[in-house]
């Protein structure tokens, strides 16, 4: 899902960067004003960085992998947590590991950080009372991942890099499978395990929504 340099024209990439910058700035403000659990924040960032290192090449797309934004949002009680952590992770990946381009960093943050975290977190909230925490965590993580993948396909189609139909098909299909066997399962497992073993490590805002 990481878009490399050259896949999106600079003008189009600048628009995504401007939008992503607004969300990233708001997430940093959220951390300064409302968050004090630095160890948990750092642990989640390290874990998300690790799971994103596993990439699957996708025809008519970029790459397939887990994102982790919804997991962070659920455990920390806000989608802004996902945006914050993913912004930092994606910046480090682009600058030091050439995983995702620098000129398209805004698009990657918008897709992997913003769209995934917000879509997945609010899906989790909408389903929690109906299907329980495990089911809602699974569904939220799955939906957030697929939403981000489809957004990536649309952006690449607008850029003329890949055809829209094939991009949506392959990006959506691959990430739907990744969401089923990895992202959704891992998110549900981690959330339920933390709640069972160490719920006290969660901030108060998170305990109100899990």
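The values are calculated or read from the model by the stated rules, or taken from the named source; none is laboratory data. Everything numeric in this text was worked out from a predicted model, so none of it was measured. Glycine also receives a Cβ, built like all others from the backbone with ideal geometry; neighbour counts cover every protein chain displayed.
Laid out as a table, the results:
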quantity: Residue check for residue 160: more than 19 Å from the chain's Cα centre (by Cα) and under 19 Å from residue 180 (Cβ atoms); calculated: no
quantity: Meets criteria (under 11 Å from the mean Cα position of the chain (by Cα) and closer than 18 Å to residue 206 by Cβ) for residue 85; calculated: yes
quantity: Residue that is farthest from residue 88 (Cα to Cα), among those in the range 1-14 that are out of contact with any helix residue (DSSP H, G or I) (no Cβ under 8 Å at 6 or more places or on another chain) and part of a helix (DSSP H, G or I); calculated: 11
quantity: Leading residue by the ranking (surrounded by the most Cβ atoms within 10 Å (Cβ to Cβ)) among those in the range 124-139 that are in contact (Cβ under 8 Å) with a residue 40 or more places away in the chain and under 18 Å from residue 205 (Cα atoms); calculated: 137
quantity: Flag for residue 185 being out of contact with any strand residue (DSSP E or B) (no Cβ under 7 Å at 6 or more places or on another chain), free of Cβ contacts under 8 Å to residues at least 60 places away in the same chain, assigned to a helix (DSSP H, G or I) and under 21 Å from residue 207 (Cβ atoms); calculated: no
quantity: Residue pairs meeting the criteria (Cβ under 7 Å; at least 6 apart or on separate chains; first on the phi < 0 side of the Ramachandran plot and touching a residue at least 24 places away in the same chain (Cβ under 8 Å), in the range 4-27; second in a helix (DSSP H, G or I) and surrounded by fewer than 15 Cβ atoms within 10 Å (Cβ to Cβ)); calculated: 12/158
quantity: Residue among 180, 169 that is in contact (Cβ under 8 Å) with a residue 12 or more places away in the chain, surrounded by fewer than 16 Cβ atoms within 10 Å (Cβ to Cβ) and in contact with a helix residue (DSSP H, G or I) (Cβ under 7 Å, 6 or more places away or on another chain); calculated: 180
quantity: Matching helices (runs of 4 or more DSSP H) fully within the range 29-129 where at least 3 residues are within 20 Å of residue 181 (Cβ to Cβ) and modelled with pLDDT of 90 or more; calculated: 69-76
quantity: Criterion violated by residue 162 - all others in (1) surrounded by fewer than 18 Cβ atoms within 10 Å (Cβ to Cβ); (2) touching a helix residue (DSSP H, G or I) at 6+ places or on another chain (Cβ under 9 Å); (3) not in a helix (DSSP H, G or I) satisfied; calculated: (1)
quantity: Condition check for residue 40: surrounded by fewer than 17 Cβ atoms within 10 Å (Cβ to Cβ) and over 13 Å from the mean Cα position of the chain (by Cα); calculated: no
quantity: Number of the condition not met by residue 200 [criteria: (1) out of contact with any strand residue (DSSP E or B) (no Cβ under 6 Å at 6 or more places or on another chain); (2) surrounded by fewer than 23 Cβ atoms within 10 Å (Cβ to Cβ); (3) over 19 Å from residue 41 (Cβ atoms)]; calculated: (3)
